[in-house]
1. Averaged over A:513-520, how many beta carbons belonging to a partner chain fall within 10 Å of each residue's beta carbon?
2. Copy-to-copy spacing for B:G497, label 7 Å out on the Cα-to-C-beta vector, in nm, shortest first?
3. What would the Debye equation give as log₁₀ I(q)/I(0) for segment A:355-434 at q = 0.19, 0.22, 0.26, 0.27 Å⁻¹, counting only Cα atoms as equal point scatterers?
4. So if we plug the beta-carbon distance of A:A164 and A:D697 into 1/(1 + (r/R0)^6) with R0 = 35 Å, what FRET efficiency do we get, rounded to 0.05?
5. With a probe of 1.4 Å, find how much accessible area segment A:598-654 has per residue, and write the answer as a whole number in Å².
6. If I take every Cα pair under 8 Å that is 6 or more residues apart in segment B:92-168, average their sequence separation and divide by the length, what percent do I get for the relative contact order?
7. Tell me the Kirkwood radius of chain A: reciprocal of the mean inverse pair distance over distinct alpha-carbon atoms, in Å.
8. According to the Kirkwood expression over distinct Cα-Cα pairs, how big is the hydrodynamic radius of segment A:595-702, in Å?
Protein chains: 2
Amino acid sequence: MKTYATLIALAALGGAGLWAQTPAQTGPVMPLPAEQAFGGGELTLSPNLAIELSRDASPRLRAAVQRLREAWSRQTGIRWSESTEGAAPAPVLTVVCDRSDSALPGLGDDESYTLTIDSHRAALHSARDAGALRGLATLTQLATRGPNGWSLPAATMRDAPRFAWRGLLIDVCRHWIPLPVIERNLDAMALVKLNVLHLHLSDDQGFRVESRTHPELQRLGSDGHYFSRTEIAEIVAYAAERCIRVVPEFDVPGHTTSWLVAHPELASAPGPYQLKRQWGVFDAVLDPTNERTYALVEEVMAEMGGLFPDAFMHLGGDENNGHQWTGNPGIQAFIREHRLTDNAGLQVYFNQRLDAFLAGRGKRVMGWDEILHPELPRDAMIDSWRGTAALAAAARLGFSGIMAHGYYLDHPDSAADEYLNDPVPAGSRLTAAERSRILGGEASMWSELVGPETIDSRIWPRAAAIAERFWSGEQVRDVGDMYRRLALVSARLTEAGVRHESNHEGMIDHLVDLNTAPGERQALRTFVDLLEPEGYHRVEIQIWMNQGTPLTGLADVTRPDRGPARAWRDAVSHYLFAPGALDRGAVAALAAPLDSWSHAARVVLAMGGRREYPALREAKVPAEGVLAAVAIAQAALNALADGRVLSREWQIEALATLDRAAADNLSATNLPFLPAVRWLTLAAGAPAAARRPGEPDWRARLEGRTPPARS
Amino acid sequence: MKTYATLIALAALGGAGLWAQTPAQTGPVMPLPAEQAFGGGELTLSPNLAIELSRDASPRLRAAVQRLREAWSRQTGIRWSESTEGAAPAPVLTVVCDRSDSALPGLGDDESYTLTIDSHRAALHSARDAGALRGLATLTQLATRGPNGWSLPAATMRDAPRFAWRGLLIDVCRHWIPLPVIERNLDAMALVKLNVLHLHLSDDQGFRVESRTHPELQRLGSDGHYFSRTEIAEIVAYAAERCIRVVPEFDVPGHTTSWLVAHPELASAPGPYQLKRQWGVFDAVLDPTNERTYALVEEVMAEMGGLFPDAFMHLGGDENNGHQWTGNPGIQAFIREHRLTDNAGLQVYFNQRLDAFLAGRGKRVMGWDEILHPELPRDAMIDSWRGTAALAAAARLGFSGIMAHGYYLDHPDSAADEYLNDPVPAGSRLTAAERSRILGGEASMWSELVGPETIDSRIWPRAAAIAERFWSGEQVRDVGDMYRRLALVSARLTEAGVRHESNHEGMIDHLVDLNTAPGERQALRTFVDLLEPEGYHRVEIQIWMNQGTPLTGLADVTRPDRGPARAWRDAVSHYLFAPGALDRGAVAALAAPLDSWSHAARVVLAMGGRREYPALREAKVPAEGVLAAVAIAQAALNALADGRVLSREWQIEALATLDRAAADNLSATNLPFLPAVRWLTLAAGAPAAARRPGEPDWRARLEGRTPPARS
């Protein structure tokens, strides 16, 4: 068995510079390992590569090694046999775990590992299973094709996470998300080293777990769409196999309409209640002055605490608007009698009782910002959807917490925006002790606007960038390098069975039919990649939306943060703002894709006018927006290339046109390349002498909305 | 409960003409129902459509109804709740099964059903679960999008299969095919009403089931790739849920190298034996003169007979070349002593013993043509890979049999070829009694050249056309209409999770990298859709191929019988051979795609010359073939349009060029549009007066290889 000392020695062979890390040397792995260095050479991935595991490796570790083989096979086409009978032929990958077991994963598990690869062998070493599995995820991402076939690059890595809590929330209430989708997302989480699956299991729109003690909850509160107890056990086991914890959330006392369908007597206002089919904040709230409320909630929580073995139980606690409490004289009397001050005090009272109940059963509670209160026991944990200040306030009060704000995947924020959002931003004034209470963060996939067919495309690949934020050092902030590696990991995710790419053609099928010409389909592909869906604001545009609305419209087919629009915007930004003169040669490259964008928009516009494509009617406004914006961009690029200054009148008209193209439209999609057209418009109207790339005031002036005065 | 009489009455409402069937009225369903008529009107598929099941419906039927809801949801985006609490709002789909139970499916189960749909309601009726499930498969295919949204067409159907045995063989030995692939193929089979999954479980390259009595078989004979007993139980249950039988095949006495690795003492020539990594017919064969052979085989067969509850056990029996028996004096002495005449007689002796053993355990044996012998008990069944004559001979001898010949999916035969191949061809001279012994057929997916990533694209959608051959009447032979419906069912298969389409981009990824420009990728898509893979002949071209060769080459990325090449070939055929004058206007349509084909070939040729695309080097010959053939086609089309006659010299040169393009090349791909270019070449060299579309001798002359003499 290889010892840690051997590995250190191997690492030392590379000399001091070995651990140095420059952008050119970041390799393919996401999240970026804490320390890595690539030497020369490579280890050939041939079918006779043997993987050696020590005899005492747990079944979990053996299964993970088998998944590595399968992942490499999917990527390379090479097949490895599981058998290690007989003399193993070199080369060899050795996996050594000091204490391998199949214990349930827990907060703070040791996830560190070291990995060394030279041209003859590779060695992965960890103290525990969790570290070994993280190292295997790294290996999954290291296979590289060169002119001589597939290999692993010679490398030395010493890796461990920055944060212990690296989660993904999946809301299975607003739209039902069945088991296979959960399982493939667990596979994806394992690949990028996320370690907490937070399941949002009850809300106004559904109670999504089978309760044995109160079967009326799922019977009346789920439309038949809920996880059976067997399925929950399967999810927990599937996650544990990947060293991923599962934290259940049962949102109380608000967001409880689904409970009240069966138990209207526990509401704070008279029933009956029906499942909500729309989204938003509703009045329905449990009555915390009714002892029967505690009887029910505690029975259910006790049962669910058994079903979900994790130490944490999430009680939600968000968005109780208090209307029912304010309107109920008995509840107001209770508040006065118990000197609870106000509705907020009543919610603290409710939380304290549940906290005490669950603490007695060995559970720690967590909840959204709203549960934060000085009187709450300090073992409660805060899940902050409100942001840095709220999380810092919790940490100062002595609460542990995680950051959810800025990682909401239902918003079409770019991966870059999410990536640069830090749970403990640079310049934070928290003390070391306070910082240590910020345990990490969670990417959140709220499901008002996604179903099983589209959820993958909203989570991935962006959640991989968030995973890097949680795992890698705070100084790792090179957005360009992140996107380079994100493209690589996205391909690995597809191979692992995630459907963010492979479902896309099926989504396009919803817009067209079998008679659609290949050229039309290709135009539609190009077009939808120029668009992105609205976030939650969509429900204010498509006001008819409810749980029954098919998620097959143009907004559903589009995806956030797509490459073509992003690459063009970045290129325009570089052309205008990078230090040095405007590079006339770059104009041709910037103009190159625009004709194909116009062509695609014209084709889609024509299709939308035809009877057989009713779903493309709503493409009219964005397609016209593409055409108008491209014409403006072309005029501006021509002027910039020729050193001409476009008129103030032209500029005002162009900016108004761009404003219209950026306005809300019924398709609930946006054109993320418009800001770059706006830059070009402003630049083309600036006097040639005032065009000063690299100077901050030039960029600031362009980003202002007012056209500069003519000189 | 609705009675059968009610349904008949409903059907009668449509009048006598209701059952008439014309090509324009064949609707979307594949296999084509035995009797169907479409009335006017439609039943709207709204979210409030209720599905009513009688209270005594089996869990299997309830689950199938739930799958119907899910399939419709995937297609339409509409979600249906499982709940039927409270008053069901109209419209309603009623599912009535006279005797619903969850018995294991068996040969000859009643699979008939009737279905009536009007603008207010739909009613499915069957005698047993199997029929109800077949009717639900029909409903899955009936959802249609019109200008007013999704609906089912008003229709009346009375349906039952022509053949009782409608199988799909999957070989899991040559390449390992794991559980998820089997399950998604079972879903696909259910959609097109195939009812037998034939698993080829042991061969020279692997023994693919866990044996409890002889664990050494899978331990030494599978590289760790085998179904556990639990997985087999899961497959059998998954199939039974869909009223699909599972027939296991353990191929003996030949094709047994994988057994002999652990038991060389049972071979007919001295060992040791190692798993075969290549394909073909090998000498290794069990020794039927050794009582220990029977002890082992019978123990394994008894165990497997318990694991697979179906009444049939397939013993293979094919391709024993007899070399080991001929070379073994003891075996030859045994033949003489037992008056067995020759090696064939010895195999009959072996089969009789196994037949008697398995008959004693309630099993019927089946095997390939080679087991056929007058002395074999008549309850044995013949699986004919040799064809019509062999199957007819078996039927005349009194044996039941099924047709495998002509349905080998490892060959790139077109769906049309497979579709027109009939187990009992028109003109068969079999008596009615003999015909009744031909129970159906099986599509066979031998896995020498497929792995988990490509197998779907070889099976589907072609197996749907074969399924129609087995289900629908022998008079159903309209190839054009078959392809129209095949495109529809292919989309339903994708929605059901089959990966013949959705894995394609991943296959293209094997040829390119992340820096490949979108235009290059699109050219590659166009190019590979002009190609088809070689069949089994590939192993004679790529002689280095073995089990370890990655299935990621150009041949693996191409797929059989793709639309663009087929559509063009059909259009050329129509232009040249349809009655009437050559239509000059058609030339423009025929020429239209050719430029994009040349463009694609040029792009791929350039990519293949670059260092980063080693996998595209082998595209050189087919890409040059496309370029040459397109140039010839363009010249010929121009000449035909202008009424010019191209010279005999040009024609000879062109035909030689086409011959070279059609020759074997190292990529092991072919260009299925070449025959149409050949027609054009010959037509363009014929005197204008001799160009007589619609006259048989004109086509016959063109299809001859000799250019016509100049007039």
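The values are calculated or read from the model by the stated rules, or taken from the named source; none is laboratory data. The model shown is predicted, which means the values in this text are computed figures rather than measured ones. Ideal geometry is used to build each Cβ from the backbone, glycine not excepted, and the neighbour counts take in all protein chains shown. Remember, those area values only see protein heavy atoms, side chains included, never the ligands or the DNA or RNA. Shrake-Rupley method; radii C 1.70, N 1.55, O 1.52, S 1.80 Å.
1. Numbers: counts 2, 5, 1, 0, 0, 8, 1, 0.
Counting Cβ atoms of other protein chains within 10 Å of each residue's Cβ and averaging gives 2.
2. 0.9
3. Scattering profile of segment A:355-434, log10 relative to I(0): -0.83, -1.00, -1.20, -1.25.
4. Numbers: r = 44 Å, r/R0 = 1.25.
E(calc), rounded to 0.05, equals 0.20.
5. Working: 2540 Å² over 57 residues.
Heavy-atom SASA per residue in segment A:598-654 reads 45 Å².
6. Numbers: 130 pairs, mean separation 26.5, N = 77.
Here the relative contact order equals 34 percent.
7. Values: mean 1/r = 0.0360 Å⁻¹.
With all distinct Cα pairs of chain A included, I get 27.8 Å.
8. Values: mean 1/r = 0.0669 Å⁻¹.
14.9 Å is the Kirkwood radius here.
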